[in-house]
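Just below is one structure, and these are the notes that go with it.
A short reminder: the numbers here are calculations on the coordinates, not readings from a lab. Since the structure is predicted, the reported quantities are computational estimates derived from the model, not experimental observations. Every residue, glycine among them, receives a Cβ derived from its backbone with ideal geometry; neighbour counts consider all protein chains shown.
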Amino acid sequence: MSDTRYPSATSAPELQQRSLTAVWHPCTQMKQHEQIPLVPIASGKGVWLYDTHGQRYLDAISSWWVNLFGHAHPHINAAIRDQLEKIEHVMLAGFTHEPVVMLSERLQQIAPGTLGHCFYASDGASAIEIALKMSFHYWLLAGHPEKNRFVSLQNDYHGETLGALSVTDVPLFRQTYEPLLRPGTHVQTPDWRYAEAGESAQDYALRAAMTLENHLAKHHAETAALILEPLVQGAMGMGMYHPVYLQRAREICTRYQVHLIADEIAVGFGRTGTLFACNQAAIAPDFLCLSKGLSGGYLPLSVVMTTDTIYQAFYDDRTARAFLHSHSHTGNALACRAALATLELIERNQVLETNQHKAAHMNSLVAALTEHPKVRHFRHCGMIWAFDVDTQDVDFAAKCFQAGLQQQLLLRPLGKTIYFMPPYVITEDEMQLLVAGTRQVLDTLL
Ligand SMILES: Cc1ncc(COP(=O)(O)O)c(C=O)c1O
């Protein structure tokens, strides 16, 4: 940083200005930053992010849902430091290393069913691409090249590379690229917000499952897989649904010989109250996609876990029958060590039980929000809380983000849905700040 051709920023405004010139920020209309300053973050600790002025913000959304145990956790930091002294990265074709082997064995032990084979990539969308390709390729090898279509749920989000976007149903991200996407079907969402008045979450989920059944009854011969976000459809407003849908989906997929791909990229590792969302329905998918919290949110890492049946179909003397897919950073050693340290924290801290107590405490505080006259559909699943706001303001999300910062909160609503998905280390006092600050935001904006 001492090279005079590339000087460090001397002030926050300079850092912000240089970022706006040199960095194209994700999911952002850059021109809006002519009015709205970027938040220049200097450090983090636990649930808190600190900007270069020393202002702090409670990371209520775990930095896009990745962080499980807070920022700068000593145990994960130490594991990465230790790994740095050994090997930071080595290609995983023709080579292997202890962290990737240990991580794969641990994941096999804790994943639902018998998902004994781990294929790694670097981010969530890449994991989705892998699962889709593997599913199609399996059917091809099994003599069914016609099974090349995918079904997903209305309102599902699976990432934004072209394959992942093809099974995503978020118009804002999809519409522009429609000519590039593969045709597919999005069957009725089981999200309880769509139920008829008086219809229970379970009854509605069963009704939605019938549309899946009707679709596959007609189209199973050309369908490779159903992909879904189990229990919580994140990006389209934290829509939550009853686990009975997953049970039905599993039965229907098995009956019609269609793979089930569970995208637990956002909800894995305890987020929904069980280690994996699939556990709540006591089902095992054919492919399980994991990322985000996998490395504690520290480093880009994702994995697709699958069964021996799938694996064996590719196992052959002929290279051409192999799964010839690769990413340069597949199984990165530093990321695998971060993941192992994260799994140790999950076990050591008895996270599922601890989170139950935390969730109960949070639920005792939320009356301040549920009683607000503009709050609709307050919902909760494990360590996720969400509600919709009754407003006509099309800029609500951006205004809420700004108003949140004034209350020392990082909130990033999804349209008119405000949600909390905090790191698991959040304390009771911090929950109180979160709820009180959010109430202030609502009172200011509505
Ligand atoms: C359910 C789900 N699947 C896939 C993805 C894509 O992951 P990534 O952003 O790492 O590509 C996300 C990201 O939010 C997600 O929530």
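In angstrom, the C-alpha Rg and Dmax of region 262-326 are 14.4, 44. Ranking Ala386, Leu290, Tyr315 by Cα position along the charge dipole of the chain, where only Lys, Arg, Asp and Glu carry charges on their C-beta atoms, puts Tyr315 farthest toward the positive end. Residues whose amide H falls under 5 Å from that of Val90, counting only those 5 or more places apart or on a different chain, are Ala333, with hydrogens built in the peptide plane. Placing a label point 7 Å from the Cα of Lys133 along the Cα-to-Cβ direction, the residues of region 87-106 with a backbone N closer than 17 Å are 92-94.
GNM on the chain, alpha-carbon springs under 10 angstrom: the most fluctuating residue among Val170, Val389, Val39 is Val39.
Want the number for Ser19 to Glu371: 0.36 nm per residue separation, take away the alpha-carbon distance, what's left? Show your work: numbers first, answer last.
On the way: separation 352, 0.36 × 352 = 126.72 nm, distance 4.08 nm.
Difference between extended and current length: 122.6 nm.
Built from the Cα atoms of region 316-405, the convex hull projects on average onto 12.1 nm², one quarter of its surface area.
Annotation for Leu38 and Asp443: the two label points, set 7 Å from Cα along the Cα-Cβ direction, are 3.5 nm apart.
Of the listed peptides 193-201, 369-377, 405-413, 21-29, what is their order by residue-averaged count of other C-beta atoms within 10 Å, with the highest listed first?
Working: 193-201: 12.8, 369-377: 14.3, 405-413: 18.7, 21-29: 8.8.
Averaged packing, sorted descending, gives the order 405-413, 369-377, 193-201, 21-29.
What Kirkwood radius, in Å to one decimal, follows from the Cα pairs of the chain?
Values: mean 1/r = 0.0434 Å⁻¹.
Evaluated on the chain, it is 23.0 Å.
Summarising the strand pairing of region 77-348, around 45 percent of its internal DSSP beta bridges are antiparallel. With only Cα atoms counted, region 11-70 has Rg and Dmax values of 12.6, 34 Å. Phi angles of region 173-181 translate, via the Karplus equation with coefficients 6.51, -1.76, 1.60 and θ = phi - 60°, into HN-Hα couplings of 8, 9, 3, 4, 9, 3, x, 8, 9 Hz per residue; Gly and Pro are given as x.
Rounded to the nearest 20, the size of the Cβ-charge dipole of the chain about its Cα centre is 260 debye, with Lys and Arg at +1 and Asp and Glu at -1. Comparing Ser152, Ser326, Ser295 in a Gaussian network model of the chain (Cα springs below 10 Å), the most mobile by mean-square fluctuation is Ser326. In summary, the aspartates and glutamates within cross-link reach of Lys358, defined as a Cα separation below 13 angstrom excluding same-chain residues under 8 places away, comprise Glu428, Asp429, Glu430.
Each Cα pair under 8 Å and six or more residues apart adds its separation to the average, and for region 119-262 the resulting relative contact order is 26 percent. The alpha-carbon of Lys133 sits under 16 angstrom from the alpha-carbons of these lysines, leaving out residues fewer than 8 places away in its chain: Lys147.
Going by neighbour counts of Cβ atoms within 10 Å, the residues Asp82, Asp317 line up, fewest first, as Asp317, Asp82. With both labels modelled 7 Å from their Cα along Cα-to-Cβ, the Ser328 to Cys27 distance reads 2.5 nm.
The simple spin-label model puts a point 7 Å past each Cα toward its Cβ; for Leu181 and Gln408 those points are separated by 4.2 nm. Put simply, the amide H of Leu409, placed in the peptide plane, has neighbours under 5 Å in Leu58, leaving out anything fewer than 5 places away on its chain.
Using a 10 Å cut-off around each Cβ, can you sort His215, His89 from fewest to most neighbouring Cβ atoms? Can you show the working numbers first?
On the way: His215 19, His89 15.
Starting with the residue having the fewest Cβ neighbours, the order is His89, His215.
Arranged from fewest to most other beta-carbon atoms within 10 Å of their beta carbon, Phe119, Phe387 become Phe119, Phe387. For region 191-321, the ratio of Cα radius of gyration to the globular rule of thumb 2.2 N^0.38 Å stands at 1.16. For the peptides 424-431, 55-62, 352-359, the ranking by mean Cβ contacts within 10 Å, running from highest to lowest, is 55-62, 424-431, 352-359. Based on C-alpha pairs under 8 angstrom that are at least 6 apart in sequence, the chain has a relative contact order of 21 percent. Under the membrane-span-like helix rule (DSSP H runs whose alpha carbons stretch at least 24 Å along the helix axis, mean Kyte-Doolittle hydropathy 0.5 or higher), the chain yields 124-141.
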